[in-house]
Amino acid sequence: MLRVNGHQVSGVIFDIDGTLVDSFSTLVSVFNLILNKYQLAPVSEDFLASCFRRNMNLAETLDERYSSSFAEPFIEILRSEILDLFLNVEVDEVKPFPGVDRLFKKLEILQLKIGVATGRTSPPENEWARFRRYGLENYLDALVTSREVAERKPSPDAIIECAKRLEIPLGQLLVIGDTVSDIITARRAGAIAVAVSTGQESLESLRNQHPELLFENLEAFSLFLDQETNRS
């Protein structure tokens, strides 16, 4: 049995982008390719990261970048083309962070269930296909995308749904993400918030949200598990 800061832990729920996979630079590239197609000026990585940290949707991102509103049909065209191109490109370009396979194996040995709850609005079958490509699908006990719930993060809907599928009380779940929004979401769900600084948030901004645990990367979290297991 694993205990973290006095809490019994029976499972772990992971975010995907910026937590399990390094996808941001590919997304920026795809984003700019589609913008260029419609003669729109490119965005920088810093700008897009700032929009993501504030949970801005595509319409809000475009409005901030160009100081003008676009018609909803055009926004939907952009959204669809960005998603389609990203799904094609990420097959070859987006890979898991180092150590994810070893971490999943360790969690399996510790008899901890593994879930995934992503802010992506993609169909769940697309995300299952991703983990099949990585050879990791057999480790997963549940996967929820934002398409399957009423509201996206920082609403706790996806975390709560994933916990139901795992059949684990929320108070016994570590929820691991790379953003301030992920910490807030975990806390609102009643789960144990764990942050890793592998995304676009600084270590300091994550620390200011006071997650239960904070690591530089998943490999550091894996070492923490070794220490806690040896201690028990």
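The values are calculated or read from the model by the stated rules, or taken from the named source; none is laboratory data. Predicted model only: the values in this text are computed from it and were never measured. Counting neighbours? That spans all protein chains shown, and the Cβs are built from the backbone with ideal geometry, glycine included. Surface accessibility is based on the protein's heavy atoms, side chains included, excluding ligands, DNA and RNA. Shrake-Rupley method; radii C 1.70, N 1.55, O 1.52, S 1.80 Å.
Quick rundown of the values:
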{"quantity": "Scan of the range 44-81 for residues that are in a helix (DSSP H, G or I), of a type in the set (Gly, Ala, Ser) and more than 17 Å from GLY199 (Cβ to Cβ), ordered by number", "calculated": "ALA59, SER80"}
{"quantity": "Meets criteria (in a helix (DSSP H, G or I) and surrounded by fewer than 19 Cβ atoms within 10 Å (Cβ to Cβ)) for ASP84", "calculated": "yes"}
{"quantity": "Residues located in the range 40-68, provided they are open to solvent by less than 70 Å² (accessible area, probe 1.4 Å), over 20 Å from LEU83 (Cβ atoms) and of a type in the set (S, T, N, Q)", "calculated": "SER44, SER50, SER68"}
{"quantity": "Some residue of the range 27-36 being surrounded by 12 or more Cβ atoms within 10 Å (Cβ to Cβ), over 27 Å from PHE131 (Cα atoms) and touching a helix residue (DSSP H, G or I) at 6+ places or on another chain (Cβ under 9 Å)", "calculated": "yes"}
{"quantity": "Failed criterion for ASP182 (all others in (1) touching a residue at least 40 places away in the same chain (Cβ under 8 Å); (2) touching a strand residue (DSSP E or B) at 6+ places or on another chain (Cβ under 9 Å); (3) surrounded by fewer than 21 Cβ atoms within 10 Å (Cβ to Cβ); (4) not hydrophobic (A, V, I, L, M, F, W, C) hold)", "calculated": "(3)"}
{"quantity": "All strands (runs of 3 or more DSSP E) inside the range 117-232 with 1 or more residues being under 15 Å from the mean Cα position of the chain (by Cα) and of a type in the set (A, V, I, L, M)", "calculated": "142-145, 173-177, 192-196"}
{"quantity": "Output for the range 147-166, where each listed residue is open to solvent by 10 Å² or more (accessible area, probe 1.4 Å) and touching a residue at least 12 places away in the same chain (Cβ under 8 Å)", "calculated": "ARG147, GLU148, VAL149, ARG152, LYS153, PRO154, SER155, PRO156, ILE160, GLU161, ARG165"}
{"quantity": "Criterion violated by ASN126 - all others in (1) among the polar types (S, T, N, Q); (2) without any contact (Cβ under 8 Å) to a residue 40 or more places away in the chain; (3) closer than 21 Å to GLU212 by Cβ satisfied", "calculated": "(3)"}
{"quantity": "Tally of residues being touching a residue at least 40 places away in the same chain (Cβ under 8 Å), over 19 Å from VAL194 (Cβ atoms) and open to solvent by 80 Å² or more (accessible area, probe 1.4 Å) across the range 92-122", "calculated": "2"}
{"quantity": "Output for the range 123-146, where each listed residue is in contact with a Leu (Cβ under 8 Å, 6 or more places away or on another chain) and open to solvent by less than 20 Å² (accessible area, probe 1.4 Å)", "calculated": "GLU127, PHE131, ALA142"}
{"quantity": "Single residue of VAL30, VAL12 found to be modelled with pLDDT of 95 or more, assigned to a strand (DSSP E or B) and aliphatic (A, V, I, L, M)", "calculated": "VAL12"}
